[in-house]
Amino acid sequence: MTLYYEEEGDLILPIACEETARRVIEEALDYIGCPYEVEVNLLLTMNEEIRAMNREFRGIDRETDVLSFPMVEYEIPGEFDFLEEREDCFHPESGELLLGDIVISKEKVLSQASEFGHAPKREFAFLIVHSVLHLAGFDHMKEDERTIMEDKQRQILEKMNILR
């Protein structure tokens, strides 16, 4: 896996962000059965910057905890078979699946960890898992989709022993 990691803003989270992100992304992809090595871009930023992105890309003028920008559109969430016939989804040199981009607000990691009564590492890992599932086509707009996604998030974090 190639992880392009970037961080902006003065706030430093009290966890090993890049190492944790790498481990969580790999575990989430293993859990859903992704058969490919992947490339992921991860940006840790501040509320002001993620609010601007949320406004620009989603038309929602407020801060959010995480934004996911998938590079591939999946008819069936987590179903990768159709990619065999798609060269445009893979990096031409590495052959890795271009999974997409994740943007996380560092301020939201801390405030939500406090709000939900768990460690910043757990909140950060949750946001990574949540976003990886989005990058693989999962969503939570309908009740049945939400239930499936929440179950997968919980199971992945439990398997990693990253608990509330």
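The values are calculated or read from the model by the stated rules, or taken from the named source; none is laboratory data. Everything numeric in this text was worked out from a predicted model, so none of it was measured. Ideal geometry is used to build each Cβ from the backbone, glycine not excepted, and the neighbour counts take in all protein chains shown.
Name the single residue, out of those in the range 1-13 being part of a loop (DSSP other than H, G, I, E, B) and loosely packed, with under 12 Cβ neighbours inside 10 Å, that is nearest to the chain's Cα centre (by Cα).
Step one: of the range 1-13, the residues part of a loop (DSSP other than H, G, I, E, B) are 1, 8-13.
Narrowing further to those that are loosely packed, with under 12 Cβ neighbours inside 10 Å: 8, 10, 12.
Values: E8: 17, D10: 22, I12: 19 Å.
Step by step, filter the range 1-13, then rank; the result is E8.
Counting just the residues of the range 131-146 that are at pLDDT 95 or above and surrounded by fewer than 24 Cβ atoms within 10 Å (Cβ to Cβ), which one comes out nearest to E73 (Cα to Cα)? Steps first, please.
First, pick out the residues of the range 131-146 that are at pLDDT 95 or above: 131-138.
Filter once more, so that each one left must be surrounded by fewer than 24 Cβ atoms within 10 Å (Cβ to Cβ): 134, 137-138.
Numbers: H134: 10, G137: 7, F138: 10 Å.
The qualifying residue nearest to E73 (Cα to Cα) is G137.
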Condition broken by K108, with the remaining ones in (1) in contact with a strand residue (DSSP E or B) (Cβ under 6 Å, 6 or more places away or on another chain); (2) buried (at least 17 other Cβ atoms within 10 Å of the Cβ); (3) at negative phi; (4) of a type outside the set (V, I, T) satisfied: (1)
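Just for the range 41-95: of the residues that are in a strand (DSSP E or B) and hydroxyl-bearing (S, T, Y), which one is surrounded by the fewest Cβ atoms within 10 Å (Cβ to Cβ)?
The first filter runs over the range 41-95 and keeps only residues in a strand (DSSP E or B), leaving 41-45, 66-70, 90.
Okay, now just the ones that are also hydroxyl-bearing (S, T, Y), so 45, 68.
Values: T45: 22, S68: 20.
In this case the residue turns out to be S68.
Restricting attention to the range 114-164, report how many residues are in a helix (DSSP H, G or I) and over 24 Å from V40 (Cα atoms). Outline the logic, then answer.
Let us first name the residues in the range 114-164 that are in a helix (DSSP H, G or I), namely 114-116, 120-135, 143-159.
Narrowing the set further to residues that are over 24 Å from V40 (Cα atoms) leaves 114-116, 143-144, 147.
Residues that pass the stated criteria total 6.
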Test: S114 is among the hydroxyl-bearing types (S, T, Y) and crowded, with 16+ Cβ neighbours inside 10 Å: no
